[in-house]
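The values are calculated or read from the model by the stated rules, or taken from the named source; none is laboratory data. Here the structure is a predicted model, which is why all the values come from computation and not from measurement. Cβ atoms come from the backbone with ideal geometry, glycine included; neighbour counts cover every protein chain shown. The area values use the complete protein model at the heavy-atom level, side chains included, leaving out ligands, DNA and RNA. Shrake-Rupley method; radii C 1.70, N 1.55, O 1.52, S 1.80 Å.
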Amino acid sequence: MEFLFLYQMKKISLLGATGSIGTSTIDVATNNPEEFKIIALTFHSNIEKGRELIQKLRPTYVGVGTKEIQKQLKQEFPTIQFGVGTKGLIEAATLDEVDVVLTAVSGAVGLQPTMAAIQAKKDIALANKETLVMAGEWVMQAVRENHVKLLPVDSEHSAIFQCLQGQDTKKVRELMITASGGSFRDYSRKELENVTVEQALNHPNWSMGKKITIDSSTMMNKGLEVIEAHWLFDMDYDKIKVVLHRESIVHSMVVYEDGAYLAQLGASDMREPIQYALTYPYREKMQKEKPFDLTQIGALHFEKMNFTRFPMLALAFKVGKLGGSYPTVYNAANEIAANAFIDGKITYLAIEELVSRAVEQYEEVKNLTLEKVIEIDRKTRKIVTAWVKDME
Ligand code: NAD
Ligand code: MG
């Protein structure tokens, strides 16, 4: 008997192809050439890596960061269409043939292409959590109105999403997000005074882009993830908990009213949540799977989060509950501050100081719209950039 497979290859637009998530996504796609094809990609400034990816993937569209890069690559690849900046990101995200947009750019620059993709009825595989923190209300509204899927790539959210499959969401008692604790989890506040960028970039469990690695150490990343979870799963902040779990084996949990804790466990390999977001609701074999042996790991530990040690996590719950554009300010201030630390302009503890100051002195704008939120993001960046200059 013959089987008729009505199978269609998924065509992917990959925003942020040269980054850490971008690289893992390319690995998933090229390991499964019959299932996936990356037909559009974007990158910001790494032309060498960008060129390599174009040669390897032969996309039909490429978005780049500058006109110079565009000019150079257009000469080398005359049959490929190029675009620059936000326009390039939006074009890559809305190409007719694209089925799913994987947003792996770092920072709030992801918002506009993600919104455009949703409006063009593309499904979204979302790594770029900043988009949801900055404008969750508008993004989720657009998702509902356009009947598209917004699938989490962030490992914690993928874990929660997996633990919610087939369950009654009204019976969820709480979402329990695990946190590795980042590079400085055993440092006291005093010891943080003189830490270097190099030390901060040395994450114990995950290899990731620079900004998210800094965010993990300040617990900003977990703060952003709490807000991301609120929007993705439509969950009250009182039902979102964070627990310190050094091994990063349990990627997160969902606790149900009957006392059941459902957890998703696995290796620290972002290809797994990426692949799940791309194959959902199905599962496929993971090619070149990372070894994972619970008997080697032996024991798993869970500790209470210390909100005094990690004030950025406490602040996330505060801005989340305040709602409106407070999370926008929290996110924008952090983007400027974390990057200023990476660039050696400010001290480590100044990151927290700048984010706290931006939130404290912010006065909410009435009758928010998406345009106003984008303006608030821009203004906050300007203000915090000026504060950074004063500190230099
Ligand atoms: P990364 O720094 O390694 O890569 C960022 C990518 O974005 C690069 O391709 C870069 O060219 C592009 N980019 C940077 N600035 C840009 C700009 N102004 N305009 C256009 N493109 C720009 O970052 P990453 O670690 O891959 O993280 C990407 C996103 O995924 C972030 O939002 C992060 O929070 C999220 N995320 C990452 C991980 C991880 O393991 N790395 C895990 C969960 C979530
Ligand atoms: Mg995460």
Problem - Residue in segment 69-98 that is farthest from the chain's Cα centre (by Cα), counting only those that are within 22 Å of residue 55 (Cα to Cα) and acidic (Asp, Glu) - result: 76
Exercise for the section: Check 145, 193 and return the single one that is over 22 Å from residue 276 (Cβ atoms), of a type in the set (Asp, Glu) and free of Cβ contacts under 8 Å to residues at least 24 places away in the same chain. Expected result: 145
Handout entry: Verdict on residue 193 being open to solvent by 80 Å² or more (accessible area, probe 1.4 Å) and either away from ligand 2 (no atom under 14 Å from the Cβ) or part of a strand (DSSP E or B) (or both)
Key = yes
Practice task
Could you please tell me which pairs satisfy a Cβ distance under 6 Å, a separation of 6+ or placement on different chains, a first residue in segment 359-378 that is of a type in the set (D, E, K, R), and a second residue that is open to solvent by 100 Å² or more (accessible area, probe 1.4 Å)?
Solution key: none
Completion exercise
Looking across segment 361-387 at residues that are in a helix (DSSP H, G or I) and of a type in the set (A, V, I, L, M), the single one that is farthest from residue 140 (Cα to Cα) is 386
Fill in the blank from the handout: (1) closer than 18 Å to residue 249 by Cα; (2) more than 16 Å from ligand 1 (Cβ to nearest atom); (3) assigned to a loop (DSSP other than H, G, I, E, B) all hold for residue 184 apart from (1)
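Return the total of residues in segment 285-303 being among the acidic types (Asp, Glu), surrounded by 10 or more Cβ atoms within 10 Å (Cβ to Cβ) and within 19 Å of residue 263 (Cα to Cα).
Residues in segment 285-303 being among the acidic types (Asp, Glu), surrounded by 10 or more Cβ atoms within 10 Å (Cβ to Cβ) and within 19 Å of residue 263 (Cα to Cα): 1 in total.
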Problem - Residue count for segment 109-121, restricted to those that are open to solvent by 10 Å² or more (accessible area, probe 1.4 Å) and under 16 Å from residue 332 (Cβ atoms) - result: 2
Problem - Boolean, residue 250 is open to solvent by less than 30 Å² (accessible area, probe 1.4 Å), outside the structural domain of residue 337 (by TED's automatic domain parsing) and under 18 Å from residue 317 (Cβ atoms) - result: no
Problem - Where residue 151 falls short, out of the listed (1) more than 23 Å from residue 278 (Cβ to Cβ); (2) surrounded by 20 or more Cβ atoms within 10 Å (Cβ to Cβ) - result: (1)
